[in-house]
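Chemist: Below are the structure tokens for one structure; questions will follow.
The values are calculated or read from the model by the stated rules, or taken from the named source; none is laboratory data. Treat the numbers as computed from the prediction; the structure is a model and nothing was measured. Here Cβ is always computed from backbone atoms with ideal geometry, including for glycine, and neighbour counts include all displayed protein chains. SASA here: full protein model, heavy atoms, side chains in, ligands and nucleic acids out. Shrake-Rupley method; radii C 1.70, N 1.55, O 1.52, S 1.80 Å.
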Amino acid sequence: DAYLSAIEATNGALNAYVAVTPDIARDMAKASDSRIAEGKAGVLEGIPLGVKDLFATKGVHTQACSHILDGFKPEYESTVTTNLWNAGAVMLGKLNMDEFAMGSSNESSYYGPAVNPWKATGSDEKLVPGGSSGGSAAAVAAHLCAGATATDTGGSIRQPAAFTGTVGIKPTYGRCSRWGIVAFASSLDQAGPIARDVRDAAILLKSMASTDAKDTTSVDLPVPDYEKAIGGSVKGMKIGIPREYRVDGMSEEILALWQQGIAWLKEAGAEIVDISLPHTKYALPAYYIVAPAEASSNLARYDGVRYGLRVDGKDIADMYEKTRAEGFGKEVQRRIMIGTYVLSAGYYDAYYLKAQKVRTLIKRDFELAFEAGVDAILAPITPTSAFAIGDKELAADPVKMYLQDVFTITLNMAGLPGISVPAGIDSKGLPLGLQIIGKPFEEETLFKTAHVIE
Ligand code: GLN
């Protein structure tokens, strides 16, 4: 009830939830109370969570914040949310996001942007909570849920966490099942939690992760008790500092914070080593070929027949065209066009195939660093702190917006886990985060190291 009244009081200003489900929340909470009374409490018993609108929730609003999915209520529940409910968690509602998870500011949502609960000191300007999981980050930061589900295809968990002073982890590709999550770029998409601290994130990920026969890319590996890793020593760990993780126009304060992070880990007994990930600069351009290519294929299913919106036309082709023209927003249409182009017969080798080769080289960079003895990598997450909603420079040039993810996208290309941990406040009074990148399926190392920094 406390969370539901907080949502009622604040959601009008923050636009974090696009659908609130008070009846479901109260029913689930009652069931939790009975299980507690019977001594059958799960690990998340009674914990109220928000769900990114990308996760299918049975009988409940699931629109990926797109107009084209108008009125869509799935007949099924995603594996990740099923796992959470099985552990006793309670659903508060569905959270705002960039349309189909395409964006870095939550401004491409059909429902309008979610608003960052943080403001710069002395300013009333509304800031973005980051994206695409902007609603998840804003809701967690503003206490409108105890934790939230999110997804990360190119930074969408870690960048919003950094912009809102929350913790977000993108686990290794395959750690969580993608079944029932609206697909954006299937070889990159991965679910993870956004939470208020590292411990909460560890507890949530433990429940979200599972192997799943319905997603053949989910791995059949035991899910460790991540919480146990917290408080462990980083003494003797080798932390790599990638020299390429700098860009023009980057905040000096983030560079200084990175140095501070190095100092904290050194103090805790870690060994710091300089490393090179030479193909880093190709990650962004390669991502913007691979991700739109996969998106153009995944989004072909929205044809006005199977789901949501239909705009009538004079014949079936006309109906498809009108539905897709009206149903998809500008950014989504841009991605579909890029994706269709790079996959077309004449250009496939020049763009898509080449990008896949570059992807292998990016992965190899990380493998070489790990083979040389590096246990984890410390890096920035974003080039700047949260920016204003409607920032003219970013709105006018999509490539500038894409640059938001220059430090986060490499991991998705390599399938590696990464955590975003709040590490400081800049001179504007806004939160800043740092990123720890780890070896495949070694999320425990990330939780342990992040806890030293938080
Ligand atoms: N901002 C990136 C994009 O727009 C990443 C989004 C994501 O991780 N879902 O594609």
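Chemist: Residue pairs, Cβ under 6 Å, 6 or more apart or interchain, first in segment 142-158 and free of Cβ contacts under 8 Å to residues at least 60 places away in the same chain and farther than 26 Å from ALA2 by Cα, second of a type in the set (D, E, K, R) and more than 16 Å from the ligand (Cβ to nearest atom). List them.
Modeler: From segment 142-158, no pairs qualify.
Chemist: Looking at this structure, is GLU393 open to solvent by 50 Å² or more (accessible area, probe 1.4 Å), assigned to a helix (DSSP H, G or I), modelled with pLDDT of 95 or more and in contact with a helix residue (DSSP H, G or I) (Cβ under 9 Å, 6 or more places away or on another chain)? Walk me through how you get there before you give the answer.
Modeler: Details: open to solvent by 50 Å² or more (accessible area, probe 1.4 Å): yes; assigned to a helix (DSSP H, G or I): yes; modelled with pLDDT of 95 or more: no; in contact with a helix residue (DSSP H, G or I) (Cβ under 9 Å, 6 or more places away or on another chain): yes.
Answer is no for this residue.
Chemist: How about segment 115-125: which of its residues are touching a helix residue (DSSP H, G or I) at 6+ places or on another chain (Cβ under 9 Å), surrounded by fewer than 23 Cβ atoms within 10 Å (Cβ to Cβ) and not aromatic (Phe, Trp, Tyr)? Reasoning before the result, please.
Modeler: Within segment 115-125, the subset touching a helix residue (DSSP H, G or I) at 6+ places or on another chain (Cβ under 9 Å) is 115-118.
Still in the list and also surrounded by fewer than 23 Cβ atoms within 10 Å (Cβ to Cβ): 117-118.
Matches in segment 115-125: PRO117 only.
Chemist: Next question. Restricting to segment 366-386, name every residue that is closer than 24 Å to ALA137 by Cα and open to solvent by less than 20 Å² (accessible area, probe 1.4 Å).
Modeler: Step one: filter segment 366-386 for residues closer than 24 Å to ALA137 by Cα, giving 377-386.
Residues satisfying the conditions are ILE377, LEU378, ALA379, PRO380, ILE381, THR382, PRO383, SER385, ALA386.
Chemist: Does LYS363 qualify as being surrounded by fewer than 21 Cβ atoms within 10 Å (Cβ to Cβ) and either outside any strand (DSSP E or B) or in contact (Cβ under 8 Å) with a residue 12 or more places away in the chain (or both)?
Modeler: Working: surrounded by fewer than 21 Cβ atoms within 10 Å (Cβ to Cβ): yes; either outside any strand (DSSP E or B) or in contact (Cβ under 8 Å) with a residue 12 or more places away in the chain (or both): yes.
Yes, satisfied.
Chemist: If we scan segment 99-122, do we find a residue that is more than 19 Å from ALA161 (Cβ to Cβ), assigned to a strand (DSSP E or B) and away from the ligand (no atom under 16 Å from the Cβ)?
Modeler: No, there is no match, as no residue in segment 99-122 is more than 19 Å from ALA161 (Cβ to Cβ), assigned to a strand (DSSP E or B) and away from the ligand (no atom under 16 Å from the Cβ).
Chemist: Limited to segment 207-226, what total is found for residues that are open to solvent by 60 Å² or more (accessible area, probe 1.4 Å) and either within 19 Å of GLY418 (Cβ to Cβ) or of a type outside the set (Asp, Glu) (or both)? I'd like the intermediate steps shown before the answer.
Modeler: Restricting attention to segment 207-226, the residues satisfying the condition of being open to solvent by 60 Å² or more (accessible area, probe 1.4 Å) are 211, 213-214, 216, 220-222, 225.
From what is left, the residues that are either within 19 Å of GLY418 (Cβ to Cβ) or of a type outside the set (Asp, Glu) (or both) are 211, 213-214, 216, 221-222.
Qualifying residue count for the region: 6.
Chemist: Moving on to the next point. Taking the condition of being under 20 Å from PRO160 (Cβ atoms) and among the aliphatic types (A, V, I, L, M), how many residues in segment 75-90 meet it? If you could, list the steps in order and put the result at the bottom.
Modeler: First pass over segment 75-90, keeping only residues under 20 Å from PRO160 (Cβ atoms): 78, 80-81, 84.
Subset that is among the aliphatic types (A, V, I, L, M): 80, 84.
Residues meeting the conditions: 2.
Chemist: Tell me which of these GLU443 doesn't satisfy, since it passes every other one: (1) of a type outside the set (Ser, Thr, Tyr); (2) open to solvent by less than 10 Å² (accessible area, probe 1.4 Å); (3) out of contact with any Phe, Trp or Tyr (no Cβ under 7 Å at 6 or more places or on another chain).
Modeler: Failed condition: (3).
Chemist: Evaluate the following for ILE275: is it β-branched (Val, Ile, Thr), within 23 Å of the chain's Cα centre (by Cα) and open to solvent by less than 60 Å² (accessible area, probe 1.4 Å)? Walk me through how you get there before you give the answer.
Modeler: On the way: β-branched (Val, Ile, Thr): yes; within 23 Å of the chain's Cα centre (by Cα): no; open to solvent by less than 60 Å² (accessible area, probe 1.4 Å): yes.
Considered against the rule, which asks whether it is β-branched (Val, Ile, Thr), within 23 Å of the chain's Cα centre (by Cα) and open to solvent by less than 60 Å² (accessible area, probe 1.4 Å), ILE275 comes out as no.
Chemist: Would you call SER5 in contact (Cβ under 8 Å) with a residue 24 or more places away in the chain, out of contact with any strand residue (DSSP E or B) (no Cβ under 6 Å at 6 or more places or on another chain) and in a helix (DSSP H, G or I)? Before the answer, list the steps.
Modeler: Numbers: in contact (Cβ under 8 Å) with a residue 24 or more places away in the chain: no; out of contact with any strand residue (DSSP E or B) (no Cβ under 6 Å at 6 or more places or on another chain): yes; in a helix (DSSP H, G or I): yes.
So SER5 does not fit the description; no.
Chemist: Filter segment 126-155 for residues that are in a loop (DSSP other than H, G, I, E, B) and open to solvent by 10 Å² or more (accessible area, probe 1.4 Å); which is farthest from the ligand (Cβ to nearest atom)? Can you show your working first?
Modeler: In the first step, residues of segment 126-155 are kept if they are in a loop (DSSP other than H, G, I, E, B); the result is 126, 128-133, 142-146, 152-155.
Restricting the remaining residues to those that are open to solvent by 10 Å² or more (accessible area, probe 1.4 Å) gives 126, 142-143, 146.
On the way: LYS126: 20, ALA142: 21, HIS143: 25, ALA146: 23 Å.
It comes out as HIS143.
Chemist: Hey, any hits in segment 396-405 for a residue that's open to solvent by less than 20 Å² (accessible area, probe 1.4 Å) and more than 16 Å from the ligand (Cβ to nearest atom)?
Modeler: No.
Chemist: I'm told LEU204 meets every condition in (1) in contact (Cβ under 8 Å) with a residue 60 or more places away in the chain; (2) within 16 Å of the ligand (Cβ to nearest atom); (3) buried (at least 21 other Cβ atoms within 10 Å of the Cβ) except one. Can you identify the failing condition by its number?
Modeler: (2)
Chemist: Okay, moving on. Being closer than 26 Å to GLU99 by Cβ and among the polar types (S, T, N, Q): is that true of SER210 here? Full working, then the answer.
Modeler: Values: closer than 26 Å to GLU99 by Cβ: no; among the polar types (S, T, N, Q): yes.
No; evaluated as a whole, the condition is false for this residue.
Chemist: Tell me which residues, restricted to segment 19-40, are open to solvent by 60 Å² or more (accessible area, probe 1.4 Å), not in a helix (DSSP H, G or I) and not β-branched (Val, Ile, Thr).
Modeler: Selection gives GLU38, GLY39, LYS40.
Chemist: Just to check your reading of the model, which residue among ILE239, ILE262, ILE289, ILE254 is of a type outside the set (Lys, Arg) and within 16 Å of the ligand (Cβ to nearest atom)?
Modeler: ILE289
A quick yes/no check of all residues on (1) touching a His at 6+ places or on another chain (Cβ under 9 Å); (2) farther than 23 Å from PHE184 by Cα:
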{"residue": "MET250", "(1), (2)": "no, yes"}
{"residue": "ALA256", "(1), (2)": "no, yes"}
{"residue": "GLN259", "(1), (2)": "no, yes"}
{"residue": "LEU265", "(1), (2)": "no, yes"}
{"residue": "ALA268", "(1), (2)": "no, yes"}
{"residue": "ILE289", "(1), (2)": "no, no"}
{"residue": "PRO292", "(1), (2)": "no, no"}
{"residue": "TYR302", "(1), (2)": "no, no"}
{"residue": "GLY308", "(1), (2)": "yes, no"}
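Chemist: Report the residue count in segment 298-323 for those that are open to solvent by 80 Å² or more (accessible area, probe 1.4 Å) and either in a helix (DSSP H, G or I) or under 14 Å from MET102 (Cβ atoms) (or both).
Modeler: Selection size over segment 298-323: 5.
Chemist: Please find, among GLU253, GLU227, the residue that is in a helix (DSSP H, G or I) and closer than 16 Å to PRO171 by Cα. Show your work before the answer.
Modeler: Working: GLU253 fails: closer than 16 Å to PRO171 by Cα.
Within the list GLU253, GLU227, the selection yields GLU227.
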